[in-house]
Amino acid sequence: MPPEYTRQDGDGGGDSGVQPQFGSPGPRISPQHPLYLGFMGTVGVGLALLVYWIGSNTTQLLLWIVAALFIALGLEPVVSWLEGRKIPRPAGILVSVTVLVSAVVGFFATLIPTIVEQVTQIVEQAPVWIRDFIDSEFFRSLDDQFGVRDRVTEELDKFVNDPAAMGGIFGGVVGFGSTVANGLFGTLIVLVLSLYFLAALPAMKKWGYRLAPRSRRHRVEALSEEITRSVGNYVIGQAVVALLNATFAFIVMSIVGIPFALLLAFVVALLAFIPLVGGMIAGVVVLLVSLTEGWQTAAIYGICYFSYLQFEAYFISPRIMQKAVAVPGAVAVISVIAGGSLLGVLGALIAIPTAAAVLLLVREIYIVRQDQH
């Protein structure tokens with residue numbers, strides 16, 4: 001970091017503060033000078049076009065950077081808590097990342113064999129479900145009225161005999177493999193960037209604060225610290241809420257006898273991490289699977305799970321999130337929908353803390369300025 005200094009040569013002061021290494025900057029050109037206005041206007045337009053071009057060609061990289069920064073901010077409260085316990089920051093980062101990676105690896109090491117077994121059972125049961133559906137009275141009535149069986153057979157024959165369709169299947173398999181490879185590569189990049197961001201976060205924030213004028217630096221630092229603290233607490237709180245949601249769903253599924261309970265609990269945990277709508281989507285997914293065991297099973301699970309969602313919304317989430325973010329309900333819904341439309345799942349995840357940051361800036365900057373007039 002370059003040294004901070006309070007006076008420049010020629011200020012007329014006798015302060016013995018630290019001076020710039022390469023001398024003091026000269027007087028600035030007048031902003032009203034025609035040459036200055038024309039040159040800076042041209043440079044501004046050029047920079048705007050350059051930023052747009054770079055952003056449009058590095059969208060995936062920018063998403064990885066945002067995801068890594070989001071994870072780093074989520075782990076920062078843990079590292080700060082360890083620093084408060086007299087543990088050096090490098091050791092705190094190592095402990096936090098080690099615990100996180102160990103938990104994820106242990107979770108998947110336990111979960112993957114069960115998922116593989118239950119997915120295999122689904123594949124084995126699928127023909128039975130299809131055959132039962134074909135033998136049902138409902139399908140027979142449809143077949144008698146609309147000739148569904150003959151129509152399906154005709155379309156299958158056309159599909160099998162169409163070289164373009166078979167080539168499309170091969171291309172789809174190759175595309176799926178490429179998507180999996182890109183996903184693994186992206187995951188590795190995000191993890192590495194998260195580690196670097198977490199290690200350099202204090203220096204990054206200090207550099208960012210130095211970009212603000214010295215007279216406003218303290219206020220910029222206070223607002224930025226409040227935003228980063230809120231984001232970190234939000235990530236941890238949302239993870240706790242998703243874990244509780246998945247645990248409750250697994251217990252209810254195990255009691256009522258819904259098949260593939262562990263696999264579905266994993267799906268619930270992933271979906272419940274999405275604020276507001278994730279829990280509802282997870283409930284619908286499990287309900288569709290529970291219908292294979294009868295409507296009574298689905299009804300019992302639906303009553304228990306959606307009752308839990310109400311309890312979570314009014315008692316669990318407010319207590320977990322009370323130190324994280326405070327966003328009005330309407331703003332939260334709109335921000336999640338907008339974030340999901342723009343950036344998918346990542347946008348839905350960062351929507352609420354982003355909305356909280358915007359509300360904080362509006363309240364502390366714009367409204368304060370308006371109140372002074």
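Backbone phi angles across the range 62-69, fed through the Karplus curve with coefficients 6.51, -1.76 and 1.60 (θ = phi - 60°), yield HN-Hα couplings of 5, 5, 4, 5, 4, 5, 5, 5 Hz in residue order; Gly and Pro are listed as x.
Ordering 267-279, 305-317 by mean Cβ neighbour count within 10 Å, with the highest value first, yields 267-279, 305-317. With the simple spin-label model, which puts each label point 7 Å out from Cα in the Cβ direction, the A109 to L142 separation comes to 4.6 nm. Computed from backbone phi, the HN-Hα couplings of the range 225-239 come to 5, 5, 5, 5, 5, 5, 5, x, 5, 5, 4, 5, x, 5, 5 Hz, rounded to whole numbers (Karplus: 6.51 cos²θ - 1.76 cosθ + 1.60, θ = phi - 60°; Gly and Pro given as x). Given R0 = 51 Å, the distance between the Cβ atoms of S341 and R219 translates into a calculated FRET efficiency of 0.95.
How large is the charge dipole for the range 277-373, taken about the Cα centre, if only the Cβ atoms of Lys, Arg (+1) and Asp, Glu (-1) carry charge, to the nearest 20 debye? With Lys and Arg at +1 and Asp and Glu at -1, about 220 debye.
Of the peptides 81-94, 337-350, the order by per-residue mean of other Cβ atoms within 10 Å, starting with the highest, comes out as 337-350, 81-94. When peptides 246-254, 125-133 are ranked by their average number of other Cβ atoms within 10 Å per residue, the highest-first order is 246-254, 125-133. Over the range 194-302, with every protein chain in place, what whole percent of the accessible area is carbon and sulfur at 1.4 Å, could you tell me? C and S fraction of accessible area: 73 percent. Note that the range 304-320 has calculated 3J(HN,Hα) couplings of 5, 6, 6, 5, 4, 4, 5, 4, 5, 5, 9, 10, 7, 4, x, 6, 6 Hz, one per residue in order, obtained from phi through the Karplus relation 6.51 cos²θ - 1.76 cosθ + 1.60 (θ = phi - 60°); glycine and proline are x. Quick one: accessible area per residue over the range 182-322, 1.4 Å probe, rounded to a whole number of Å²? Roughly 55 Å² per residue, with all protein chains present. Estimate the FRET efficiency between S56 and R85 by the formula 1/(1 + (r/R0)^6), using the beta-carbon distance for r and 35 Å for R0, to the nearest 0.05. My answer for the efficiency is 0.15. In this simple spin-label approximation, I303 and F315 carry label points 7 Å from Cα along the Cα→Cβ vector, and these lie 1.8 nm apart.
Here I189 and A239 are evaluated by their C-beta separation; at R0 = 35 Å the FRET efficiency comes out at 0.95. If you wrap the range 184-228 in the convex hull of its Cα atoms and look at it from every side, the mean projected area works out to 3.6 nm².
The values are calculated or read from the model by the stated rules, or taken from the named source; none is laboratory data. No experiment lies behind these values; they were computed from the predicted model shown. Every residue, glycine among them, receives a Cβ derived from its backbone with ideal geometry; neighbour counts consider all protein chains shown. What goes into the accessible areas is simple: the full protein's heavy atoms, side chains included, and nothing from ligands, DNA or RNA. Shrake-Rupley method; radii C 1.70, N 1.55, O 1.52, S 1.80 Å.
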